Amino acid sequence: MKRLYINSILLGAVIGVLFLGGCKKVLQEQPRSNYTPDFFNTQTGVVGGLTEMYAHLRYIYGQGYYYNTLEVGTDESTYGQSADANFLVMDMTGQGVINATTSRADVIWNTCFTNINTASGVIQSGSKAGVNVALTSEANFFRAFDYFLLVQTFGGVPLDLGAGNLQFNTKPTPTSVRNSVQTVYTQCIFPDLQAAVSNLPMTARLTGTVTKPVAQLFLAKAYLTYAWWLKNPNSIPTFPDSGRTDPAGHDANYYFQQAYTTAVSAIQNPGSYGLQPTFYDLNVGSNDRNNEIMLYADHTQNSQQYNAASLTYSNGGAPDNFSCWMQTWNYPVLTSSSTSGSWKNVNSVQRASVQGYGRPYIRMTPTIGAVTQTFSDKTNDSRYDGTFQTVYRANIKEAGVAGPVYNANYMPVNEGDAVLSFLNDESAGTIDYTNSVYKSSIGAGVLPGRADFVVSPQGISRIVYPGLWKISAYRTDNGTGLGNPNAASTRPWNIAKFSELFFIAAEAAVEGATPTAVTGAYVNDGTAYGLINVLRARAGKWKFSNAANAAQVADHSAAMVAATPPTIDINYLLAERSREYYGEGYRWYDLIRTQQWANLSTTYQICGAAYGNHTPQTFTRTITPNLWLRPIPQGQLDAMQVSAAVKAAYQNPGY
């Protein structure tokens, strides 16, 4: 099975990870081209293997083309005006076909199996190296982490990489046999995560390393996902087709209860983790690596070596963190006038390395429904403001342009003033999109008495749309200039958050788990209603308004709780998850787990791809049952030295 052998060549000259969040105790990266069994028999080898496991996260999270597969094609996102085939195919609206060649799920197939083999080497040899079980349990965590990612994406995958089930393999193997979904869960994912829960410390050994609560989160989520797989409410096919039965004879209800109990245990005994006071605090770049973030793929602006990517430019490939570009439209085309008497174009919003701006790529856009329906409450709920960049402001001073400049209605705009605003709703008045006097370079509209051009939610298009503030670049080394906006983000990519424990427990309760009162810092009655209101109350607390670019201290938590329906169902939970995690790469997995993908994503609205197009169009996706699994990558099939019939049988049905 050639694609699955591992001498740990994945990271080549950079083996390691960064934990530079202000703590002196960090993992150190060292060049290494391969691992051998003898290497893992030393303490240096074990630590080196573990360091690679953290580093491999950067080849998955922040990788823009894999990120595309998790968002485009869902109710959250569609393709943008400059989308290439990677994005067009994933939209499933007749722009191409998802197959073994076009699917970018190859990113995780290639990366995860490399890391899985390293983890097996550490687990097998750790005792010989004299390291304690807590250290090798980090390898248990990462082996389960990668297998969990693979089994959700592809269905059953091989546990034997050439040397036996879950054994460290050193030789290229030309064949492969896929295990069933239930085998992968019950023989690897659950046992490895249970070992991690039992043996990992409550406090991280180094900044950012995994702990017992982190393992509990992923164990709870694995239980939840497996419970849905057993339940299979919409009769979605799986592969290999071995029947949806549990080897231990448990049913879906048993695993929903396990998910609930595990998640609540972590909520009540969180260690150093907890909820940030506001949604803004959670996502603002100056507060990265806060205690709500339980796992991240790290980067840094302090060292190009430890960032594992250039600090000044990027070619758009792993391990760069470049996903944040994908939903960034070409805002630097915005122009104002240098004079008030006649229109003379001047670029009033420059490309800048600040949160909410960064490098435009125009590959993805939010659907109109995401803006108008998912985030319908933009007054009480801070999550819309804390997710999107809705106002683009003049940064003429940094670009050396003398101000003021003149904008809509020939009104003056100074440094920091709004040049373009995406309105919260349609109620602001009649927008004039056609008056050529005002010279909007992007076909935006004008409202009386306003210096900023405007676009309403129904006018969001494939070329002009709110950007993603929450995940975009943030740097502190820009000085008085525009910084390095063409570089990939040097922020960590957040993989797991403490907040998800509440969602996991709430989802399990909706599906029949017996609730128990939650004690500790987050007291509630343990029902889905009680759990979700902890997060909704937090969402009602404002500290800062990105739209106003000013402090906004307000507490709408009571209004948020009052608006929560007394009976929570799965669709309400999915809407809440989108409000909480929009654009972070959760959505496709959430929709396939709950089997609501086709129900929520088959149609969407967006305006056209030309500037000035503000007429919503409805698009219909063809989401067939086989698409619930991604195709096995063509590279894997090509590397297997077996017959065409065996390769065909190895591939998921429908591809």
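No value in this document is a laboratory result; all are computed from the given coordinates. Note that the coordinates shown come from a computational prediction; the quantities given were computed from them, not determined experimentally. Cβ coordinates were reconstructed from backbone atoms using ideal geometry, including for glycine residues, and neighbour counts include every protein chain displayed.
For a quick check: with amide H placed at 1.01 Å from N, whose amide H comes under 5 Å from residue 608's, ignoring anything fewer than 5 positions away on the same chain?
Long-range HN contacts for residue 608: 462, 615.
Rounded to the nearest Å, what's the spacing between the alpha carbon centres of the range 117-175 and the range 325-395? Just the number, please.
If you average the Cα positions of each part, the centres end up 44 Å apart.
Could you name the lysines whose alpha carbon sits less than 30 Å from that of residue 128, not counting residues in the same chain fewer than 8 places away?
Hits, sequence-local ones excluded: 2, 24, 25, 171, 212.
Starting from the Cα-Cα distance between residue 134 and residue 572, subtract it from 0.36 nm times their residue separation and give me the gain in nm to one decimal.
Length gained, residue 134 through residue 572: 153.8 nm.
What relative contact order, as a whole-number percentage, does the chain give when Cα pairs under 8 Å and 6 or more residues apart are counted?
Once normalised by length, the contact order is 18 percent.
Within a 10 angstrom radius of the beta carbon, how do 368, 431 rank from fewest other beta carbons to most?
The most exposed by this proxy come first: 431, 368.
Arrange the peptides 252-264, 80-92, 310-322 so that the one whose residues have, on average, the most other Cβ atoms within 10 Å appears first.
Put in order of decreasing packing, that is 252-264, 80-92, 310-322.
If each residue's Cβ is checked for other Cβ atoms within 10 Å, how do 614, 56 rank with the fewest at the top?
Ordered from fewest to most neighbouring Cβ atoms within 10 Å, 614, 56 come out as 614, 56.
Scanning the chain for helices, which whole DSSP H stretches are 20 Å or more long along the axis (Cα) and average 0.5 or more by Kyte-Doolittle?
Long hydrophobic helices here: 133-154.
Let me check against my output: what whole-number percent is the relative contact order of the range 86-184, with C-alpha pairs under 8 Å and at least 6 apart?
Reported as a whole number, the value is 23 percent.
In nm, to one decimal, how far is the residue 641 label point from the residue 432 one, both placed 7 Å along Cα→Cβ?
According to this spin-label approximation, the distance is 7.5 nm.
Based solely on its DSSP helices, what 222 nm [θ] is calculated for the chain when runs of n ≥ 4 H residues each add -39,500 (n - 2.57) and the sum is averaged over all residues, nearest 500 deg cm²/dmol?
Dividing the helical sum by the residues of the chain leaves -9000 deg cm²/dmol.
Name the lysines eligible as straight-distance cross-link partners of residue 378: C-alpha to C-alpha under 21 Å, and not fewer than 8 places from it in the same chain.
470, 541, 543
Quick check on packing: order 522-530, 456-464, 96-104, 551-559 by the mean number of other C-beta atoms within 10 Å, highest mean leading.
456-464, 522-530, 96-104, 551-559
Within a 10 angstrom radius of the beta carbon, how do 630, 244, 475 rank from fewest other beta carbons to most?
244, 475, 630
Amide H of residue 441: which non-local residues (sequence gap of 5 or more, or other chain) have their own amide H closer than 5 Å, using H built in the peptide plane?
Counting only residues 5 or more places away or on other chains, the set is 335.
In percent, what relative contact order does the range 324-392 have, based on Cα pairs under 8 Å that are 6 or more apart in sequence?
Computed over the range 324-392, the figure is 32 percent.
Check cross-link reach from residue 439 to the lysines: straight Cα distance under 21 Å, and skip same-chain residues fewer than eight apart.
By straight Cα distance, residue 439 reaches 344.
State the antiparallel share, in %, of DSSP beta bridges confined to the chain, rounding to the nearest 5.
DSSP beta bridges in the chain are roughly 85 percent antiparallel.
Compare the peptides 142-154, 579-591 by average per-residue count of other Cβ atoms within 10 angstrom and give them in order, highest first.
The packing order, highest mean first, is 142-154, 579-591.
How charged is the neighbourhood of residue 428? Take every other residue with its Cβ under 14 Å from the Cβ of residue 428, and add Lys/Arg as +1 and Asp/Glu as -1.
-2
In terms of modelled amide H atoms, which long-range or inter-chain residues lie less than 5 Å from the amide H of residue 484?
For residue 484, whose amide H was placed from the backbone, the distant partners under 5 Å are 353.
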